[in-house]
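One structure below.
FYI, it's all coordinate maths here, none of it is from the lab. Quick caveat: nothing in here was measured; it's all calculated off a predicted structure. As a convention, Cβ positions derive from the backbone with ideal geometry for all residues, glycine included, and neighbour counts pool all protein chains shown.
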Amino acid sequence: MQRNKRPPEPFTILCDDAYIKRERQKARELRQSEWWKRRCAKGVCYYCNRHFAASELTMDHIVPIARGGKSTKGNLAPACKECNTKKKYLLLIEWEEYLASISKEKSE
């Protein structure tokens, strides 16, 4: 029995504009909530664990809206601008693979 050695294709879901608009509106509402303000008050980026002022942290969808993610408390994390910009539409596992590849390149 021969196994396929190629990695699986990235997980994607086609989301329509109405879905994306609804989820972004939910995110805007959550951004004003006390829950989100408490999350940011800790001042730690979810991805790089560096410390920032609460005002410098952005809201990131761990599973991006464009990939089927929702604007729920379990899918939102405070992230520094640098991490959020670099992560873009990646899933967490894809982001971790990206970081590992960067670390590997730096150590060579």
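Got a sec? Charge dipole of the chain, +1 on Cβ for Lys and Arg, -1 for Asp and Glu; which of Ile20, Ile102, Leu91 is way out at the positive end?
It is Ile20, whose Cα lies furthest towards the positive end.
Taking the Cα-to-Cβ direction at Ser107 and at Trp95 and moving 7 Å from each Cα, how far apart do the two end points lie in nm?
Taking the two extended label points, one gets 2.2 nm.
Rounded to the nearest 10 degrees, what's the angle between the helix 92-107 long axis and the longest principal axis of the chain, both from Cα atoms, 0 to 90?
Compared with the principal axis, the helix lies near 70 degrees.
Which of Asn49, Asn84, Asn75 moves the most in a Gaussian network model of the chain with Cα springs under 10 Å?
Looking only at Asn49, Asn84, Asn75, the biggest GNM fluctuation is shown by Asn49.
Take Trp35 and Lys73, extend 7 Å from each Cα along the Cα→Cβ direction, and tell me the distance between the two endpoints in nm.
Those two pseudo-labels are separated by 0.4 nm.
Where does each of His61, His51 land when they are ranked from fewest to most other beta-carbon atoms within 10 angstrom?
By the 10 Å Cβ count, ascending: His51, His61.
Rank the residues Thr58, Thr72 as a footprinting-exposure proxy: fewest other Cβ atoms within 10 Å of their Cβ go first.
Least to most surrounded, the residues fall as Thr72, Thr58.
How big is the dipole moment of the chain about its Cα centre under a simple scheme where the beta carbon of each Lys and Arg is +1, that of each Asp and Glu is -1, and everything else is neutral? Debye, nearest 20, please.
260
Determine the distance separating the Cα centre of the stretch 71-108 from the Cα centre of the stretch 14-30; give it in Å without decimals.
Spelled out, the Cα-based centre of one part sits 21 Å from the other.
7 Å from Cα along Cα→Cβ at both Ala53 and Ile20: what's the point-to-point distance in nm?
3.2
Can you sort Glu34, Glu94 from fewest to most other Cβ atoms within 10 Å of each residue's own Cβ?
The fewest-first ordering by Cβ neighbours comes to Glu34, Glu94.
For the chain, treating each Cα as an identical point scatterer without solvent, what Debye log10 I(q)/I(0) comes out at q = 0.10, 0.14, 0.18, 0.19 1/Å?
Summing over Cα pairs of the chain leads to -0.35, -0.64, -0.94, -1.02.
Among all stretches of the chain without exposed chymotrypsin sites (Phe, Trp or Tyr not before Pro) (DSSP loop, at most 16 other Cβ atoms within 10 Å), which one is longest?
12-88
Could you tell me how many degrees, from 0 to 90 and to the nearest 10, lie between the Cα long axis of helix 17-31 and the main elongation axis, the longest principal axis, of the Cα atoms of the chain?
Between the helix axis and the principal axis of the chain, the angle is about 50 degrees.
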